[in-house]
Amino acid sequence: MRIVNHLSELESESIYIMREVAAQFDNSVLMFSGGKDSILMVYLAYKAFFPAKIPFPLLHIDTGHNFPETLQYRDKLVEQFGAKLVIGSVQEAIDQGLVAEEKGFNASRNGLQTTALLEAIENGNYDAALGGARRDEEKARAKERFFSHRDEFGQWDPKNQRPELWNLFNSRKNMGEHFRVFPISNWTELDVWQYLAQEEVPLPSLYFAHEREVFERDGTLLADCEYINKRPEEEVFKEVVRCRTIGDMTCTGVWRSDATTVEEIIKEVSTTRMTERGGRTDDRRSESSMEDRKKLGYF
Amino acid sequence: MKEIQNDNGLLRFTTAGSVDDGKSTLIGRLLYDSKSIYQDQYEAIEKVSERRGEEGVNLALLTDGLKAEREQGITIDVAYRYFSTPKRKFIIADTPGHIQYTRNMVTGASTANVALILIDVRNGVIEQTKRHAIISSLLQIPHLVVCINKMDLVNYSQEQYDKIKTEFEQFASKLDVVDVSFIPISALNGDNVVSRSMNMSWYEGSTLLYYLENVHIASDHNLIDNRFPVQYIIRPYNDEYHDYRGYAGRVAGGTFSVGDEVVALPSGFHSKIKSIQGSKGNQTDAIPPESVTILLEDDIDIGRGDMIVRPNNQPEVTQDIDVMICWFDNNKSLLLSGKYVIRHSTQEARCIIKEIKYKLDIETLSRDQNNLVIKVNDIARVMLRSTKPLFIDAYKQNRITGSIILIDEATNNTVGVGMVI
């Protein structure tokens, strides 16, 4: 008897969710950060609707503090799949006075993204926003539903979530409310890498070991860039590193690594004893940092 | 996390229980021994445990993800945990065991292949054990594994183990469970969890991890009755694929092969399968739970909510549905003559509650025909009538085409879930 292996089952589950979104919502959008999880989402969406085009535009919330590699990769991907790209800009939100830039050494635009995201969802009239969050990456995300209801303020109410059984998803909502949908909820970091390797998906160079100017803060290596205020004692040095997650430059830690191929990354991920988001300074602001941001409408 | 080499597929299992019966310790051990707890995670909960003045590291902090759960020291919601060994990937749906969380147990059980039931060897079969077993049986979890825990506290006594095994077997004979296994363990010391116990030479069965890695789950799906609920129609509208019309969906039962004669419900039109497109291109057949796109020889009218089946093996097409309902709504009880939105496979309709037959006591299995007020966490046998025909199977035959949910039209909440009798 043919056995459906674990990657195929995860793939089928994610494709099923994406097709449910296309069928149950009128105007959905795929949130694209440039990281491997959102790249995986774009590939799965391509497969789900082949040979038709991906029926969702890609929404990138641009903090203005990106790694340059992320933008190059994004534009190439959009061209390859003939997708439509929508950009929500944190800089514009700052210019319009909707949010204020954080000050101090740990200033980051990560939190400001929520406002830009909710603005973009409201302006685009989107009733569902697909995201590449996974339950294994963070404890608040572990409680997230596939179809996650948001009120008219974009807020998440974790204690009052709709139960999800079998493969039946309830997308009913009132005017002005929307859903966040997470098709790859059940994938782990290792599953993502194994699948990207199997499908031979080209990936941003940031994921592979390269030499970069870095400095150390609170035990985490950060890439040196003009957007971070360094303390006088923080010295810049060269190191061979790679990213395990890709976010805004101000909060994405880099790791010492020699992994230059996807196979080497899989080996590294399957033996590491540190979590993927361990280098994310945005998660470490408090024990419930992610839950607090998610309640307000963060990714 | 371990890279999976000999892939035995994805196994989902459910646990239920309170802190005292060693559930968290057992999950913690499975995760820790399979190296699925990361050092920084471990250090973080070590710090919190210390701050709270707890003895040792509280592994429950790993699964309790919400602030309220950590503050109150209880699991409110279903927590999903992931680990893998070189043989398999596992998803644990960890649910609270108290009666007020029956709906969470039901949720976790709905997709599980295996129910892991923990019994404290000193206490034997208690109400919570029974409740968990009854829910596993109602939700038709294909395999039960009963771990008789804390064997170290009874000197690893075979006699004690046999006594509780017999007790459970007697109780389970009233249930609809097929495959039950028993394992004597000590979650605290690791006996028979990942490695064989040196203290119980009388036990000849497998360890818990070995069981989980090797239990045969491919037949957990219905592989006989062909069911393909149409989810979405793929029409590219471009020159290259001008006349392309693909029916996208996830196989809910049976094997669909190219060349098969099929019939579409509700229209009753016949055709043949021209091709099947999977994620790697064309494939000759499709089995559950694969998501594929089916193309037919003839251009017939099919839309979302229709079902592709075999001419000689069809589901029941009916508006009158006999279901076992578990009620989920905290605020309102199930209303006789109440109207709800019903979702079944890829169909949505409205329905009315025609009759409440009885309430099922979740601890004794007795039927109460007098008190028919159905509140949150209650389970009841109900007749309902839908506005249009649904294509249903008995839940026992097929968990996908035999399940429904009910939605309150005023609040949009999912208020009830049902298994077709």
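Have a look at A:Ala100, A:Ala133, A:Ala197 and tell me which one the Gaussian network model of chain A (Cα, springs below 10 Å) gives the largest fluctuation. Most flexible of the set in this elastic network: A:Ala100. Can you bin region B:230-301 into rounded, prolate or oblate? Criterion: square roots of the alpha carbon gyration tensor eigenvalues sorted a ≥ b ≥ c, rounded for a/c under 1.5, prolate for a/b above b/c, oblate for the rest. The shape class here is oblate.
For region B:316-420, the gyration tensor built on C-alpha atoms gives an oblate shape. Its axis ratio a/c (a ≥ b ≥ c) is at least 1.5, and a/b is not larger than b/c. Normalised by 2.2 N^0.38 Å, where N is the number of residues, the C-alpha radius of gyration of region A:204-283 stands at 1.07. When the inverse distances between all different Cα atoms of chain A are averaged and flipped, the Kirkwood radius reads 19.9 angstrom.
Taking the DSSP bridge list for chain A and keeping only pairs wholly inside it, about 60 percent are antiparallel. Ordered by the number of other Cβ atoms lying within 10 Å of each residue's own Cβ, fewest first, B:Asp299, B:Asp320, B:Asp260 fall into the sequence B:Asp299, B:Asp320, B:Asp260. Going from the residue with the fewest nearby Cβ atoms within 10 Å to the one with the most, B:Ser195, B:Ser136, A:Ser33, B:Ser275 rank B:Ser195, B:Ser275, A:Ser33, B:Ser136. Here is the size of the protein assembly as shown from its Cα atoms: Rg then Dmax, 25.8, 79 Å. Sorted fewest first by neighbouring Cβ atoms within 10 angstrom, A:Thr250, B:Thr111, B:Thr102 come out as B:Thr111, A:Thr250, B:Thr102. For a straight C-alpha distance cut-off of 15 angstrom, the aspartates and glutamates reachable from B:Lys339 (same-chain residues fewer than eight places away being disregarded) are B:Asp320, B:Asp329, B:Glu348, B:Glu355, B:Asp408, B:Glu409. Each helix, a run of at least 4 DSSP H residues, gives -39500 (n - 2.57); summed and divided by the residues of the protein assembly as shown, these come to -7000 deg cm²/dmol at 222 nm. Rounded to the nearest 10 degrees, the angle from helix B:127-138 to the longest Cα principal axis of chain B is 20 degrees. Calculate how steeply helix B:158-172 sits against the longest principal axis of the alpha-carbon atoms of chain B, using the helix alpha-carbon long axis, and give the answer as 0 to 90 degrees to the nearest 10. The angle comes out at about 30 degrees. Springs join every pair of Cα atoms under 10 Å in this Gaussian network model of chain B, and among B:Leu118, B:Leu138, B:Leu335 the largest mean-square fluctuation is at B:Leu335.
In region B:375-421, if every C-alpha pair distance is counted and binned at 5 Å from zero, what percent goes to each bin? Computed distribution, short to long bins: 5, 18, 26, 27, 17, 7, 0. Given a cut-off of 28 Å, name the pairs among A:Lys173/B:Lys130; A:Lys36/B:Lys89; A:Lys173/B:Lys272; A:Lys139/A:Lys267; A:Lys159/B:Lys47 whose C-alpha atoms lie farther apart than that in the structure shown. Exceeds cut-off: A:Lys173/B:Lys130; A:Lys173/B:Lys272. Sites listed here are trypsin sites (Lys or Arg not before Pro) in region A:185-252 whose DSSP assignment is loop and whose Cβ has at most 16 other Cβ atoms within 10 Å: A:Lys230.
Using 0.36 nm per residue and subtracting the Cα-Cα separation, the extra length available between B:Asp176 and B:Glu159 on full extension is 3.4 nm.
Beta bridges assigned by DSSP with both partners in the protein assembly as shown are antiparallel in approximately 70 percent of cases.
At 7 Å along the Cα-to-beta-carbon direction for both A:Lys159 and A:Lys53, put a label point, then send me their distance in nm to one decimal. Going from the A:Lys159 label point to the A:Lys53 one covers 4.6 nm.
Quick note: the coordinates plus some simple rules give every number you see, no bench work behind them. Being a predicted model, the structure only gives us computed values, none of them experimental. Please note: Cβ atoms are built from the backbone with ideal geometry, for glycine as well, and neighbour counts cover all protein chains shown.
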